[in-house]
Amino acid sequence: MERTKYLLILLAFCSISLLKGQSNSAIYKGFINGNMASWKSTIDSIDAIKSKSNTQLLELINYQYGFIGYSLGKKNNEQAAKYLKEAKANVKHLEAEKYELSTLYAYKAAFVGFDIGLSPIKAPFIGPNCMEYAQKSLQLDPSNALAILQLGNVSYYAPKVFGGSKTEAIKHYTHALRVMESHRELRTRNWNYLNLLAVLIIAHLEVDQTEAARKYCVKALAVEPNFHWVKNNLYPKVQKKINQ
């Protein structure tokens, strides 16, 4: 009986691990190839699992977070709103479990930004919540790269009159990058790491620091030579600006 119980637990663990590996692989490939249909399919397949572990749910939130940002960038507000509602519900569930609270607060900070993206008129009313959640996250874990990234986003997107500064944002993004690079597992086949490198490229282009932008293009393609966004979009923009 005890042996049977052990085997069932082992099989369940292996199934979860296999699913996580498959999901990570599909998300990573979708991200580097710009195949967000595959990304959406992976999200929906994980969401369809009736009894998800806390680990699976946190993984799902990360993928939802990326897909919401993509949807907003494509002006698909209806799709962004749908997945944002689902992601918020998942965060609420894990928050009740007191699971990985630092990371949850970082996502809550990001979701405030998404809410503003969906309805900019809300910015003066809910904007400060983004900073509050990011600070709560860092109080629990000062090395939470996602929370540091949100501080960067606050500085990047806030109007100058409200303290916005792209130069200050770059400092936060660079800090987040240092944190991620201090952990090998965070920079190995991780869409979040590649996305941060792309964010740094864009931010440096915004402040006319073209050589720094080029450096991050080279870095991103050294990590992932097939990173479509950088290879076919951002790097050509940087090279064009250098040539001009």
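Overview of values
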quantity: Taking the convex hull of Cα positions in the stretch 72-192, its mean projected area over all directions (nm²); calculated: 8.1 nm²
quantity: DSSP loop trypsin sites (Lys or Arg not before Pro) with at most 12 other Cβ within 10 Å: longest gap in the chain; calculated: 99-244
quantity: Cut-off under 5 Å, modelled amide H: who pairs with K52 long-range; calculated: none
quantity: Pairs of alpha carbons in the stretch 193-244 whose separation is greater than 17 Å (percent); calculated: 20 percent
quantity: Whole-Å semi-axes of the ellipsoid equivalent to the chain (Cα gyration tensor, √5λ, descending); calculated: 31, 22, 17
quantity: CD proxy at 222 nm, helix term only [per DSSP H run n ≥ 4: -39500 (n - 2.57); per residue of the chain; nearest 500]; calculated: -26000 deg cm²/dmol
quantity: Within a Gaussian network of the chain (alpha carbon springs, distance under 10 Å), most fluctuating of S137, S41, S182; calculated: S182
quantity: Nitroxide proxy distance, nm - points 7 Å out along Cα→Cβ at D141 and R184; calculated: 2.0 nm
quantity: Extension gain, V218 back to N232 (0.36 nm per residue minus Cα-Cα distance, nm); calculated: 3.8 nm
quantity: For the stretch 193-244: relative contact order, % (alpha-carbon pairs under 8 angstrom, 6 or more apart); calculated: 36 percent
quantity: Table column - 3J(HN,Hα) (Hz), the stretch 190-198, Karplus curve with 6.51, -1.76, 1.60, x for Gly and Pro; calculated: 10, 4, 4, 5, 5, 4, 5, 5, 5
quantity: Extension gain, K241 back to I202 (0.36 nm per residue minus Cα-Cα distance, nm); calculated: 12.8 nm
quantity: Restricting the stretch 50-134 to chymotrypsin sites (Phe, Trp or Tyr not before Pro) in coil, as DSSP defines it, with at most 12 other Cβ within 10 Å; calculated: none
quantity: Built amide H within the under 5 Å cut-off of S165, gap 5+; calculated: Y156, A158
quantity: Contour excess over end-to-end distance, with Cα ends at D47 and K85 and 0.36 nm allotted per residue; calculated: 12.4 nm
quantity: Cut-off 16 Å, label 7 Å out along Cα→Cβ of K98, residues of the stretch 132-149 by amide N; calculated: 140-141
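FYI, it's all coordinate maths here, none of it is from the lab. Keep in mind that this is a model prediction, so the values were computed, not measured. In this analysis, Cβ positions are derived from the backbone assuming ideal geometry, glycine residues included, and neighbour counts consider all displayed protein chains.
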